[in-house]
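Undergrad: Input: one structure, supplied below.
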2 protein chains.
Amino acid sequence: MAERLVLSGAVLPDGTAADIVIADGRIAQLAAPGTAAGPAEDCTGMAALPGLADAHIHLDKTLWGLPFEAHARGGTVAERIAFERSRRPSLPPVFGRGLALARHVAALGTTQVRSHVDIDTQSGLSGLFDLLRLREAVRDLVDIQIVAFPQSGILRDPGTAELLDAALREGADLVGGLDPSAIDGDAAGHLDIVFGLAERHGKGIDIHLHEPGAAGLGALADIARRTGAAAMQGRVAVSHAFALGHPAAGPAVDALARAGVAIVTNGPPRAVAMPPVAALQAAGVLVAAGSDNIRDLWSPHGNGDMLQRAGMIAYMQGLCAPEELELALALATSHGAALCGSDGGRIAPGGAADMVLVAAGSAAEALVSAPPRRMVIKRGRIIARDGKLES
Amino acid sequence: MAERLVLSGAVLPDGTAADIVIADGRIAQLAAPGTAAGPAEDCTGMAALPGLADAHIHLDKTLWGLPFEAHARGGTVAERIAFERSRRPSLPPVFGRGLALARHVAALGTTQVRSHVDIDTQSGLSGLFDLLRLREAVRDLVDIQIVAFPQSGILRDPGTAELLDAALREGADLVGGLDPSAIDGDAAGHLDIVFGLAERHGKGIDIHLHEPGAAGLGALADIARRTGAAAMQGRVAVSHAFALGHPAAGPAVDALARAGVAIVTNGPPRAVAMPPVAALQAAGVLVAAGSDNIRDLWSPHGNGDMLQRAGMIAYMQGLCAPEELELALALATSHGAALCGSDGGRIAPGGAADMVLVAAGSAAEALVSAPPRRMVIKRGRIIARDGKLES
């Protein structure tokens, strides 16, 4: 771990310039520009942002590093599950694909991800074991939280509940869920298992919820109620939650806020509704952003750049005012860190020295332009320069 | 003009590798890799794309090169017009701002743009004169088509019709229009003037149409009818055309196809509907893509990268299959060239040697990843390397 490093003259998110003093992997001090002593990197003309957080990624699904392939997405979630299961056995192991993507996003300034990993009766725990090994391999580059994700459902794929239980025992950090009504056809039964596993293992929850309209809003209300009952405030998240884009979402939003349930959005395509980021923030719901699929069997899109993703979400939702651009950046920095329970996500004394320095005059400019990454700092060490990892 | 240049081993849009032989500003030959003689650039590992076309840009509005400013967009088009008019007099001249942006987009591989320029009773023809001068200044980097655009309306800003007439006389290539019902309150009166000016000067038309739903569909049908009546097939475009995202847009789509009216989309934010790109293509309507506002008084967003814009449009509309990704790339290459009546937009013998070489294994991969630009070629000359202009 680097002893001491000074990032001199960087522009902080509040618009002021400073010498950022790093010691023992943490931010020790913010000093007036040109005043801090010690080994320095000249950061004049660069904006310093907190390390980027990708709150929803599938490191096990990506085809990163393989020849690019375009393809049609199946029409329904169920059809896409079947398509993936038909191709998965012939893919190279998760470890290599996930490693290639983890290194790619680290070079783009992502210092923390929450990755789902498929747990089902086809692949068992093999994806989890690869991801646990991968987490160790990239521990100096990026922190990885792992969600044991029942991609094929739980009740409709008998044996999955036991596999999820085993996954949490073996090291998964959270238990996932998937469209309790649409996939498993038994919302209460599905959520009973998910919340039961979380309580038994003392772990958090992150549920994929694509269900639109009334069904989705009902699931959100149920998840909020169960979160309150289990006293799991701050430890439950719902990913996608397209139903929050419904005009009648108000009561569900209030329930999520009261229960301390977070929302993760990837800024989805137009075919589905999208959670209204600013309204959720105003209601007191923590919202974080993620890439979701990156060049995998669900979508050929995605490039892993969370700054570009946050900028796209801001653009999609018409976030233009200073505080709105700040919110959009927070989706991919401080909010993601809060979701993952990390002490990164802010540039302030005492915080983890996870940062990305970009060629921009301000944090807001960085958000809208997704400019080249000059330097990435993970726990006080420079791990990448100009988009390339140091090792 | 460069005599002869060989781009050796580049991957063509069809997936094959070739030596691209350039002579006198045009593509002379596509030869087997490693077989062409002459001064060569090694393009191994690069995809060669046609030069990017930005079919809708406002070079006169941008604040590019000035300190970044975030801001709230006004609620209505009319409010935003008023906001811009309040700020415009204190901005630095159009020439310098437009030059900064034109050079920026050229370095990103944009070899051709269609720029609107505000013509109204506040700024008169001054923006046009600056843009005409700018066009000469960057003629070796990027081709600029100019639309005389009545940003403040025509009937509601008396004197504008005469200014548009003068603009076309002074060198504007097309006449613009703006929301005939919503802004001027007289759709027929507005379109009478626009089509009248086009016919009198023998120039094309490109109309901003934000009007949603039935009003917008009515305007589209009227524009198609007038295009047919004036025998202007292939010389009329409608920009934005949000109304085409309406479920009842079918008849308007057919009318546009029959009349040869093109559509230009920027992939708008979610607050408005969006023209369905694949359905328009299937119906025979030419669709091109543009940036629209780039860091100006209408929006702080936009970075001028047309590859990223086309990728975002594909993502927004769920275009994933090989032919869909090809279409999305065409929006920002061949379709834009066709709109502007250029002979670029394809990599084939006889075409203009306008190209961008990117760090990607294929054109489809380039579209989804918007990778670094290795080289930009304009009329056979290398004008930029690694994102920086040569001069």
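The values are calculated or read from the model by the stated rules, or taken from the named source; none is laboratory data. Computed from a predicted structure; not experimentally measured. For neighbour counting, all protein chains shown are included, and Cβ atoms are generated from backbone atoms with ideal geometry for every residue, glycine included.
Undergrad: Among the residues in the stretch A:254-269, are any in contact (Cβ under 8 Å) with a residue 24 or more places away in the chain and basic (Lys, Arg)?
TA: Yes; the residues of the stretch A:254-269 include at least one that is in contact (Cβ under 8 Å) with a residue 24 or more places away in the chain and basic (Lys, Arg).
Undergrad: Another one. Of all residues in the stretch A:190-233, count the ones that are touching a residue at least 40 places away in the same chain (Cβ under 8 Å), touching a strand residue (DSSP E or B) at 6+ places or on another chain (Cβ under 8 Å) and surrounded by fewer than 23 Cβ atoms within 10 Å (Cβ to Cβ).
TA: The number of residues fulfilling the criteria is 1.
Undergrad: Follow-up. Which one of A:GLY350, A:GLY302 is surrounded by fewer than 19 Cβ atoms within 10 Å (Cβ to Cβ) and at positive phi?
TA: Of A:GLY350, A:GLY302, the one residue that is surrounded by fewer than 19 Cβ atoms within 10 Å (Cβ to Cβ) and at positive phi is A:GLY350.
Undergrad: Now for a separate question. When the stretch A:155-189 is examined, which residues are found to be crowded, with 19+ Cβ neighbours inside 10 Å, part of a helix (DSSP H, G or I) and touching a residue at least 40 places away in the same chain (Cβ under 8 Å)?
TA: The answer is A:THR160, A:LEU163, A:LEU164, A:ALA167.
Undergrad: Hey, another quick one. Would you be able to say whether some residue in the stretch A:333-353 is over 24 Å from A:LEU286 (Cα atoms) and away from chain B (no Cβ under 14 Å)?
TA: no
Undergrad: Out of A:VAL368, A:VAL356, I need the residue that is within 13 Å of A:PRO50 (Cα to Cα) and modelled with pLDDT of 95 or more. Which one?
TA: Just one listed residue meets the conditions, A:VAL356.
Undergrad: Considering only residues that are within 14 Å of another protein chain (Cβ to nearest Cβ) and hydroxyl-bearing (Ser, Thr, Tyr), look in the stretch B:354-391 and name the one that is surrounded by the fewest Cβ atoms within 10 Å (Cβ to Cβ).
TA: Here the residue is B:SER362.
Undergrad: A further question on this structure: Within the stretch A:48-58, is even one residue closer than 13 Å to A:LEU7 by Cα and at pLDDT 95 or above?
TA: Yes: the stretch A:48-58 contains one or more residues that are closer than 13 Å to A:LEU7 by Cα and at pLDDT 95 or above.
Undergrad: Only one of B:ALA248, B:ALA243, B:ALA187, B:ALA279 is in the same structural domain as B:PRO150 (by TED's automatic domain parsing), farther than 21 Å from B:ILE57 by Cα and in contact with an Asp or Glu (Cβ under 8 Å, 6 or more places away or on another chain). Can you tell me which?
TA: B:ALA187
Undergrad: When residues of the stretch B:1-56 are filtered for being within 29 Å of A:ALA70 (Cβ to Cβ), over 27 Å from the mean Cα position of the chain (by Cα), among the small types (Gly, Ala, Ser) and in a loop (DSSP other than H, G, I, E, B), how many remain?
TA: So the count comes out to 3.
Undergrad: Which residues, counting only those in the stretch B:11-56, are acidic (Asp, Glu), surrounded by fewer than 17 Cβ atoms within 10 Å (Cβ to Cβ) and in contact (Cβ under 8 Å) with a residue 40 or more places away in the chain?
TA: Result: B:ASP24, single match.
Undergrad: Does the stretch B:162-171 contain any residue that is under 26 Å from B:VAL253 (Cα atoms) and among the acidic types (Asp, Glu)?
TA: no
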